[in-house]
Amino acid sequence: MVTPRSRNTREIQRVTPNVNMGQPASAQRVGAQLTSAPLRPAWVEVDLGQLRKNFRLIHADKPSDVAMLSVVKDNAYGHGALTVARCAIDVGAKALAVSNLDEALHLRHSGIVEPILIFGTRPFAELPCCLEYSLIPCVDDLETAERLNALAAGNRRRHPVHLEIDTGMSRYGIRWDTRQQWMAAFQRFEWLELAGVMSHFAMSDELDKHFALLQLDRFRQCLDRLNTMGIRAPVRHLCNSGGFLDLPEAHFDLVRLGILPLGVYPSKVCRRIPGVSPVMTVKSKIMRIQNIQKGDSVGYGMRYRAPSKRRIGVMPIGYGDGFPRVRNQGEVLIHGQRTPIVGANAMDATMVDLTGLPDAREGDDVVIQGRQKDEVISVDEMAALKGTVSYEVLCGWRLRLPRIEVDHSTQAVESSS
Ligand SMILES: Cc1ncc(COP(=O)(O)O)c(C=O)c1O
């Protein structure tokens, strides 16, 4: 456990002008069934019961000697970093990871005292703050190590770092094949504590594990080399969700899980854990119903022309909220039925054809992503509509949409524990 040594807010604001991880307080309901409608009739629901259940199922699925780190970068892929972090810790996660200083400080300012790893590489100006707030940087170059070492020496307190090795991602990390040169050099930093050694998979979630296994082999070679030099990192880690699911031989001491606890799989072909289901539902309401005549058009660019009399429902959600811009494509759920989107959606509005739903009324709930009765619009379906991956869909819902915390599954959580 680490404790931030100072909570000088003024100083932190100076180095973090962009701390903005929160949700509009007026629309938040915490920890209970949603009892009243949110102020804005377009919102993201985060099911805390399902989140807890997912973490518990994952915890039960992994070997007991493998620790779990919860990756909560980008506001926990849009779900609320603090919510996911607290749940992960309650269920046994040993550490958290983010990808920038703002995200780390948000957690610290909110009272999180567990170890926080910051992925990537840190600008030198951020290093003093890493020490002040007991944040663990990933290190992949000698100059950063040198500067951190000098700062830690000034404090007369060793500072933990995780050494990142690039085994094939060509992003961050010291290249695995230059290990002979840098490993010896790292030994001179007496004020740095080598708390971990890590690498990152480029393709752990595909059926073809050829490259993932090559990366694993390269990682092992680096660990062996460290061992022969008498250096044993206490925590060795390589796996993201895909690696955790499909490559048990690569688990080492810790797995770094981002998307899986949110109930979404990194790809269609990964192993499934029964009961792990999506936590996020994106909802709106029908705000207006327009009865239009044959030949009338709908929306910008007149992309839809009514072939006959139609009932058009208007929802106050658009690409300004992260809804992909579509033209006569995609569906939403109303009364548990798939209902087609018509025309091109705008920044703040999307239109649907309600003609097949004569009972639909203004004020009715609409599910844009998630389940309603027996129908589901999955994150993968949204990703196909947007021409992207599920990760981008989750992260793509903007903070303009209030996040509402609900708990739909108390019984299911109890039975899964
Ligand atoms: C270094 C690192 N580890 C782990 C993860 C978590 O990946 P996933 O969301 O697939 O579990 C990420 C996310 O991109 C990452 O960058």
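Answer rounded, prolate or oblate for region 48-262, using the Cα gyration tensor with square roots of eigenvalues a ≥ b ≥ c: rounded when a/c is under 1.5, else prolate when a/b is larger than b/c, else oblate.
Details: a/c = 1.90, a/b = 1.14, b/c = 1.66.
Because a/c hits 1.5 or more and a/b fails to exceed b/c, region 48-262 counts as oblate.
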How many percent of DSSP beta bridges within the chain run antiparallel, rounded to 5? 50
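What does the extension gain come out to for Asn291 and Ala153, with contour length at 0.36 nm per residue minus their alpha carbon separation?
Numbers: separation 138, 0.36 × 138 = 49.68 nm, distance 7.31 nm.
That pair, Asn291 and Ala153, stretches by 42.4 nm at full extension.
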At what distance in nm do the modelled label points of Arg338 and His210 sit from each other, each positioned 7 Å from its Cα along Cα→Cβ? 3.6
Loop-located GluC sites (Glu not before Pro) in region 113-194, at most 11 other Cβ atoms within 10 Å (DSSP): Glu190
Would you mind computing Rg(Cα) / (2.2 N^0.38 Å) for region 302-344, counting N as its residues? 1.20
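To the nearest 0.05, what FRET efficiency results for Val269 and Arg311 with a Förster distance of 30 Å applied to their C-beta separation? Display every interim value, and only then the final one.
Numbers: r = 41 Å, r/R0 = 1.36.
Calculated transfer efficiency: 0.15.
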Over 31 Å between Cα atoms, which of Lys283/Lys309; Lys53/Lys373; Lys62/Lys283; Lys73/Lys386 qualify? Lys62/Lys283
Quick check: convex hull over the Cα atoms of the chain, volume per residue in Å³, rounded to an integer? 151
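Rounded to the nearest 0.05, what FRET efficiency is calculated for Asp141 and Asp253 with R0 set to 35 Å and r the Cβ-Cβ distance?
Values: r = 24 Å, r/R0 = 0.68.
Efficiency for this residue pair is about 0.90.
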Using 0.36 nm per residue, how much length does the chain from Thr121 to Asn328 gain when fully extended, once their Cα-Cα distance is taken away? 70.2 nm
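By the scheme Lys and Arg +1, Asp and Glu -1, what is the net charge of all other residues having a beta-carbon under 14 Å from that of Pro324?
Working: positive: Arg325, Arg327, Lys386, Arg398; negative: Asp321, Glu331, Asp380, Glu381, Glu392.
Every neighbour counted, the sum reads -1.
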Among Thr144, Thr281, Thr388, residue whose mean-square fluctuation peaks in a GNM of the chain (springs only between Cα atoms under 10 Å): Thr388
Considering region 280-377, what Rg and Dmax in Å follow from its alpha-carbon atoms? 12.3, 38
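Computed from the coordinates by the stated procedures, all read-outs in this text should not be read as laboratory data. Please read these numbers as outputs of a predicted model, since none were measured by experiment. Cβ sites come from the backbone with ideal geometry, for glycine too, and all protein chains shown count toward neighbours.
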